[in-house]
Amino acid sequence: MTICFICFEPLVSTFDWRSLLNPSSTDRVCSACLQKCPIISSDICRGCGRSLADLASSHYELDTCMDCQKWNDASFFNRSLYTYSNFMQSIIERFKFQGDYEIIQAFKGQWYKFYKKECNPKAILVPIPLTEERLYERGFNQSLALAELLSDNIEMPLIRCSGTKQSKKDRQSRLTERLEFKVIDSSMVTNQEFLLVDDIYTTGATVRQAAKCLKEAGARSVHSLTFIRA
Ligand SMILES: [Zn+2]
Ligand SMILES: [Zn+2]
């Protein structure tokens with residue numbers, strides 16, 4: 001018997017047209033759980049991929065939110081599949097902090113479809129690295145797990161330097177401090193196109209710092225794909 005990877009209820013395997021027309025419905029998730037996962041589907045900010053419908057009109061201009069106007073880097077953009085909710089937060093907590101590595105399989109079909117629709121197929125996937133200490137503590141890199149659901153064209157040209165946890169810093173120090181990434185070998189980077197992969201885009205500081213680091217080492221283009229836009 002197959003069960004939903006989120007709520008563990010049995011998945012009803014009756015014949016349905018959706019499974020014929022859409023192979024992604026073989027996702028290990030029930031329709032009740034899937035309905036609680038809010039896909040970003042309205043007009044989005046061209047910089048960070050957040051839903052503009054969720055913002056007050058004073059928080060964006062044309063197709064760009066105020067946060068992205070402050071970043072002032074039109075060459076970078078992020079796309080995210082889901083918007084933040086308490087339900088999504090509980091899934092990320094099970095995935096990252098309780099070691100429920102398999103839960104992400106529930107989203108494989110939607111995540112892959114979104115990647116195919118939104119992203120440059122030639123770009124090399126670069127999961128955001130963890131520091132050595134964090135990798136040891138967690139046992140796996142959640143961004144690598146997310147990237148592996150999309151393609152095997154994955155490289156790890158960056159290392160992450162030890163420092164304070166992002167979640168413990170306030171917004172201002174996240175935005176102004178020195179880079180926390182280093183390129184291992186710039187010959188891996190020169191003239192390449194990259195797609196950074198991470199679980200959550202919150203302020204954007206992490207993916208933008210990683211992108212800056214790759215660009216300074218000679219990357220032709222760098223964008224990012226995150227599972228959730230907080
Ligand atoms: Zn379920
Ligand atoms: Zn934005």
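For Phe194, nonlocal amide neighbours, meaning residues 5 or more places apart or on other chains whose placed amide H falls under 5 Å from its own, are Ile124, Ser221, Val222, His223.
Report for the chain the percent antiparallel among DSSP-assigned beta bridges with both residues inside it, nearest 5. Just about 30 percent of them are antiparallel.
Against the chain, whose longest principal axis comes from its Cα atoms, helix 86-96 is set at around 70 degrees.
Seen against the Cα atoms of the chain and their longest principal axis, helix 108-118 is set at about 50 degrees.
Report the longest stretch of the chain that contains none of the trypsin sites (Lys or Arg not before Pro) sitting in a DSSP loop with at most 13 other Cβ atoms within 10 Å. By the stated rule (loop sites, at most 13 other Cβ atoms within 10 Å), 1-121. A Förster distance of 30 Å, applied to the separation of the beta-carbon atoms of Arg138 and Val12, puts the FRET efficiency at 0.30. Look at Met66, Met88, Met1 and count the other Cβ atoms within 10 Å of each Cβ; fewest to most, that gives Met1, Met66, Met88.
For the residue pairs Lys113/Lys212; Lys70/Lys212; Lys70/Lys215; Lys96/Lys117, the C-alpha atoms sit more than 21 angstrom apart in Lys113/Lys212; Lys96/Lys117. Over the chain, how many percent of alpha carbon pairs lie in each 5 Å bin up to the one with the longest distance? Spelled out bin by bin, the chain gives 1, 6, 13, 18, 19, 17, 13, 7, 4, 2, 0, 0 percent. Just checking the listed ones, Ala106, Ala56, Ala211: in the Gaussian network model of the chain with Cα springs under 10 Å, the one fluctuating most is Ala56.
For the pair Ile154 and Thr2, label points projected 7 Å from Cα toward Cβ lie 2.2 nm apart.
Across the range 69-84, coupling constants 3J(HN,Hα) worked out from phi with the 6.51/-1.76/1.60 Karplus curve, θ = phi - 60°, read 5, 5, 5, 6, 9, 6, 7, 10, 9, 10, 10, 10, 7, 10, 8, 6 Hz, and Gly and Pro carry x. Extension gain for the segment Ser162 to Ser85, taken as residue separation times 0.36 nm less the Cα-Cα distance, is 24.8 nm to one decimal.
Each of Ser75 and Leu62 was given a label point 7 Å from its Cα along the Cα-to-Cβ line. The distance between the two points is 1.9 nm. Residues of the chain were split at every exposed loop site, defined as chymotrypsin sites (Phe, Trp or Tyr not before Pro) in a DSSP loop with at most 13 other C-beta atoms within 10 angstrom, and the longest piece left, sites excluded, is 141-230.
Any read-out appearing in this document is the output of simple, stated calculations on the displayed coordinates, not a laboratory observation. A quick note: this is a predicted structure, and the numbers were derived from the prediction, not measured. Here Cβ is always computed from backbone atoms with ideal geometry, including for glycine, and neighbour counts include all displayed protein chains.
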